[in-house]
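Everything below concerns the one structure shown next.
The values are calculated or read from the model by the stated rules, or taken from the named source; none is laboratory data. As the structure is a prediction and not an experimental result, all values here were calculated from the model. Every residue, glycine among them, receives a Cβ derived from its backbone with ideal geometry; neighbour counts consider all protein chains shown.
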Amino acid sequence: MSVFSFVSHEFYPEDPYISEACTLCLEGKYRVIFIRKKNQNGAMWWDEISANVKQNGEKKYLRSFYSDSNFLKEDIMHYLNSREWEKKEGLASKNDQLPF
């Protein structure tokens, strides 16, 4: 299992593109924010924050976080998708919306 810990979690019910954000601490040194994006058809997924830029006439995405390990990304996505922080902190998710 990768070394990361829960820092904070917030919902954004008024935002049309981002449902929530979860901050994790990697190796006790680095804080990374993952956001739960949503689109118009109601689908939601976790992802790193990114920005788009235009370079040489093409649209390109700049990611705020790159993992050197697929295991780290898999562990983080499992943690986020299974909402592990709620289980460990004893929180009930009243705002969790399933995409189906």
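Here are a few things to note about the model shown:
- Tally of residues being surrounded by 13 or more Cβ atoms within 10 Å (Cβ to Cβ) and either under 20 Å from Ser69 (Cα atoms) or among the small types (Gly, Ala, Ser) (or both) across segment 29-44: 4
- Of all residues making up segment 1-59, the number that are assigned to a strand (DSSP E or B), of a type outside the set (A, V, I, L, M) and without any contact (Cβ under 8 Å) to a residue 60 or more places away in the chain: 21
- Just one residue in the set Leu26, Leu80 is of a type outside the set (D, E, K, R), surrounded by 10 or more Cβ atoms within 10 Å (Cβ to Cβ), modelled with pLDDT of 90 or more and within 13 Å of the chain's Cα centre (by Cα); that residue is Leu80.
- Selected residue [closer than 16 Å to Glu10 by Cβ, of a type in the set (Lys, Arg) and modelled with pLDDT under 90] from Lys37, Lys94: Lys94
- Residues of segment 46-64 that are under 16 Å from Ile35 (Cα atoms) and aliphatic (A, V, I, L, M): Ile49, Ala51, Leu62.
- Among the residues of segment 65-77, those that are without any contact (Cβ under 8 Å) to a residue 24 or more places away in the chain and either in contact with a helix residue (DSSP H, G or I) (Cβ under 8 Å, 6 or more places away or on another chain) or within 13 Å of Leu26 (Cβ to Cβ) (or both) comprise Tyr66, Ser67, Asp68, Lys73.
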